[in-house]
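Structure record follows, encoded as structure tokens.
The values are calculated or read from the model by the stated rules, or taken from the named source; none is laboratory data. No experiment lies behind these values; they were computed from the predicted model shown. As a convention, Cβ positions derive from the backbone with ideal geometry for all residues, glycine included, and neighbour counts pool all protein chains shown. These area figures cover heavy atoms from the full protein model, side chains too; ligands, DNA and RNA do not enter into them. Shrake-Rupley method; radii C 1.70, N 1.55, O 1.52, S 1.80 Å.
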Amino acid sequence: MSKENNKSTSNNVNPDILEISFLFLAILLVSFTSIYNYLLFHSIGELFSIVIAGGVFLVGWNSRKYMKSSFFLILGVSSLFIGIIDLIHTLAYPGMSIFKDYGANLATSLWIAARYLQAGSCLFASLSIKRNIKPNILIIMYLTLSLILIVLIFTNLFPLCYVEGFGLTPFKIISEYIINFILFGCLLIIIKNRIEFDKMVFTLMIISIVATMLAEIAFTFYFGVYEFPNFIGHIFKIIAFYFLYRSIIQIGIEEPFNLLFRKIKRSELELKNIIKHSGAGITMLNENGMYLLVNEKAASELGRTPNDLIGKTLYDVFPKNVADEYVISNRELIRDGIIRSYQRTLDLSSDKKTYWIVEQPIKGIDEKFSSLLSVATDITEKIKSEELVKEAEYRYRTFFEQSPDGIIILDLETLRAIEFNDVVCNMLGYSREEFEKLSINDYDALEDPSETRTHVKKVLKEGREDFETKFRTKNGELKDIYVITKTITLSGKQYFQSIYRDITDQKKAEEKIHYLSKFPSENPNPVLRVNSQRVLYSNKIAMKLFNTFDDAPLPKVLENYVIEAIDNEKIVDYEMNLNSRIYTLIISPVKNVDYVNIYAMDITERKKAEERLSQLISTVSHELRTPITVILMSIEYLTKNKENLNEDLEEKLMDGISRNVQLLNQLAEDILLISRIDEKVLILEWKEYSPFEIINEILYLMKPIGEEKNIYFKVDIDKHLRLIGDPKRIDQIFRIIIDNSIKYSDENSKVEIISINNYQGKYNFNGSQGVLFQFIDNGRGISKEDLPHIFERFFRASNVSEIAGTGLGLAIAKNLIEAHKGSIFVDSELEKGTTFHLFLPKINI
């Protein structure tokens, strides 16, 4: 009884606990050897790790053809070369007396090289868990790397790791921590990919890496190669390689499928799961028609369970004639190794079903085809859907081609039609080949590409839009088109389906109706219908103008003109002054009736503009005549009196020519500037400028003119003030105002120029940061009647007609100030003087 209990107890002892106990006993025994001879301890510990490294190489190398991952292959190949370097390290250890010309640095350098190789290989293997690297490349790579390291060490080109009497160098200590950092990265990657490893293998590898890291930390503390930290480091190295042995060699021998074929095992389970739950019926039969494999879908289609069918033949399921057909066909496929796919309708239950069947011969262990795998997919609903789609497509195609409207499918990336009917081509005058090359902007006359892109985004957001646009046909004609656009999805991609309806004729008819129905009372100009005696109709403005009303007697002022038009039966037009305004009257008789239509238009402003233009032409002619006359006379004098000229006179004549050419140039520039402003093509060159410097320069240049009239200038401008604008245009603004101040000031008078920084007052409407400039003179002033028109082009005040000018200066100044986002105002009193207020905001660029 006692013996049986002892036996039972021994059988229940965990083998892993025993093995760990033996490990620590062995470590203890090896440790005792260090007391007797440290060199013996070192050699035993290193040889233990070298043997295990060789074993890891054998397992990793021989598993290469079974493994898709290169993890174990990299560990194996690297272990071989790490073992070789560790062997040289063992032989080079102080006291072995093999490499007599080298000191302790040789063994330490070989150690660091081996550990770098080990840590790097661990990281490389971890990153290659899901990769496949060719074995020959690995061998060549590690052989080359190992030879380079050994040569560098033995030629003393490798960094110094140990100095006699000093101990470990900073390079060696830092290297140990770098190695630990690499191993820690490797640890994280393996943990992240733990599903790729057997649970036991994963645990043992983690312990091995941690033990290696502890060993590396221990190797940073010793001074002499026989000291205690060195001893502890080797103990942890033995532990690390022991667990590496357990994870790869022992388990690789005892449980090869768990280690080497884990992925194959997982793939097999996944395949079984796919077959079991597949939506297609899957069967495997031998050449005699016996079911070797049946999944649930195939069994349910036959009204059975998989267990009911496996081991039975086709003759147990189908009628003999059908079974014979299948067996004969299957034998042919198995014999010839042919894959076949076809569609077949079967009546397996109350409903007929159509299947798409793929049959493939499968090889047995003898590499000969021995069975047939069949995958049958129920496509009954698919066929019905395809028929419905075909029917819908037919209906759509009929509508598409026979529609009276143009229909296109528009690609949103290219903005080209990928599908369109002939109506679109006929509508725009293009052939199908021409139209398919056009983008929508090639014929849409209202939108440019950027506007179209914005329009596309809007329709994508809202899903649909109806709108009117204009298309340009091939021959340049514009057509009014009503567009109905909505988004559609084809093959997962969004498109626009657009219907184009030509409404050109409809729009023309609507415009005609609108024109004919337009009631004359809406006309902003006077309209009357009269006969030779009475007013038949007059709109409101005509009533006010002619002081009349419907059915009133014909106004006296119109009598002669109306009678003339009726008697001569022709359209007549006249100009007349009415209520201090100028009107043109068109009197149009209507055939076969005794009345005329009178259309009046106020042309007062046009007449004023014509007068101003005439005045401008006259003024410009006058302004041009003087400098041109001076230039011509100077040139003539220079030509005829060339021999009698002295240097002084010639210089004065040339200076006069130059100044008058500049005057002509300035006049031309004013006219050009006005045209640029009107055409909105004026470009400002924004930069920093000093108002003080610009005004001083203007006053310097105008000094001779000011001195002629003995005008005193008082300038109160901050010298440090800086603004942003176009200095050239600012100069032009100030020059115009200062020139006017001089021109219209009396002799012996004063002109003041003042700036108010950060002005907040009535001339700063927006309350923005800016500067107010005031130009104050005591000249002739401007009348109240002229003041509202002072900034109009070509306008000249009534009291300055004897002074030359174009009437453009102040208009140009106002436009330029507004271009700088500023404003200009004027206060004036006749015969007392004028003040111009210029507000310029502070602009950032």
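Summing Lys and Arg as +1 and Asp and Glu as -1 over all other residues whose Cβ lies under 15 Å from the Cβ of Thr454 gives a net charge of -2. Remark: accessible surface ordering of Trp111, Trp61, Trp686 (largest first) is Trp686, Trp61, Trp111, probe radius 1.4 Å. Note on the stretch 457-514: Kirkwood radius taken over Cα pairs, Stokes-Einstein applied at 25 °C and 0.890 mPa s, translational D equal to 187 µm² s⁻¹.
Both radii were evaluated on the Cα set of the stretch 677-724; the Rg over Rh quotient, with Rh as the Kirkwood radius, amounts to 1.14. In plain terms, if you count all Cα to Cα distances in the stretch 527-592 and split them into 10 Å steps from zero, the share in each step is 21, 57, 21, 1 percent. For the stretch 20-160, the per residue solvent-accessible surface stands at 48 Å², with DNA, RNA and ligands left out and a 1.4 Å probe.
Scattering from the C-alpha atoms of the stretch 658-772 alone, worked out with Debye: what is log10 I(q)/I(0) at q = 0.17, 0.20, 0.21, 0.23 1/Å? Computed log10 I(q)/I(0) values: -1.06, -1.29, -1.32, -1.36. Rolling a 1.4 Å probe across the protein heavy atoms gives the stretch 733-829 an accessible surface of 44 Å² per residue. A straight chain from Asp567 to Thr473 at 0.36 nm per residue would run longer than the Cα-Cα distance by 29.0 nm. Divide the volume of the convex hull around the Cα atoms of the stretch 164-206 by the residue count and you get 69 Å³ per residue. Calculated FRET efficiency, Asn577 to Phe399, Cβ-Cβ distance, R0 = 51 Å: about 0.15 to the nearest 0.05.
Given a 1.4 Å probe, how much area per residue of the stretch 451-574 is accessible, in Å²?
Normalised by residue count, the accessible surface of the stretch 451-574 is 66 Å².
Unpaired Cys in the chain, meaning no second Cys C-beta under 4.7 Å: Cys161, Cys425. For the chain, the mean residue ellipticity at 222 nm estimated from helices alone is -17000 deg cm²/dmol, where every DSSP H run of n ≥ 4 contributes -39500 (n - 2.57) and the total is divided by all residues, rounded to the nearest 500. For the chain, treating each Cα as an identical point scatterer without solvent, what Debye log10 I(q)/I(0) comes out at q = 0.04, 0.05 1/Å? Once normalised to I(0) and log-transformed, intensities are -0.59, -0.78.
Rg and Dmax of the stretch 405-549, both derived from C-alpha coordinates alone, stand at 23.0, 79 Å.
Short to long, the 10 Å bins of the Cα pair-distance histogram for the stretch 692-845 hold 11, 42, 37, 10, 0 percent of all pairs.
Taking the Cβ of Asp594 as the centre, find all other residues whose Cβ is under 12 Å away and add up their charges (Lys, Arg: +1; Asp, Glu: -1). Here the count lands on +1. Rg/Rh for the stretch 104-252 (Cα atoms only, Rh after Kirkwood) is 0.99. Shape analysis of the stretch 303-409 yields a ratio of the Cα radius of gyration to the Kirkwood radius, Rg/Rh, of 1.21.
Applying a DSSP loop filter and a limit of 11 other Cβ atoms within 10 Å to the trypsin sites (Lys or Arg not before Pro) in the stretch 538-599 leaves Lys570, Lys591. Rolling a 1.4 Å probe over the protein heavy atoms of the chain, with every protein chain left in place, gives an accessible area that is 57 percent carbon and sulfur.
Under a Cβ-only charge scheme (Lys and Arg +1, Asp and Glu -1), can you give me the dipole magnitude of the stretch 449-552 about the Cα centre, in debye to the nearest 20? Walk me through the intermediate numbers first.
Working: 20 positive and 14 negative charges, 84 e Å.
Using only the charged Cβ atoms, the result is roughly 400 debye.
Volume of the convex hull of the stretch 409-451 (Cα atoms only), normalised per residue: 70 Å³.
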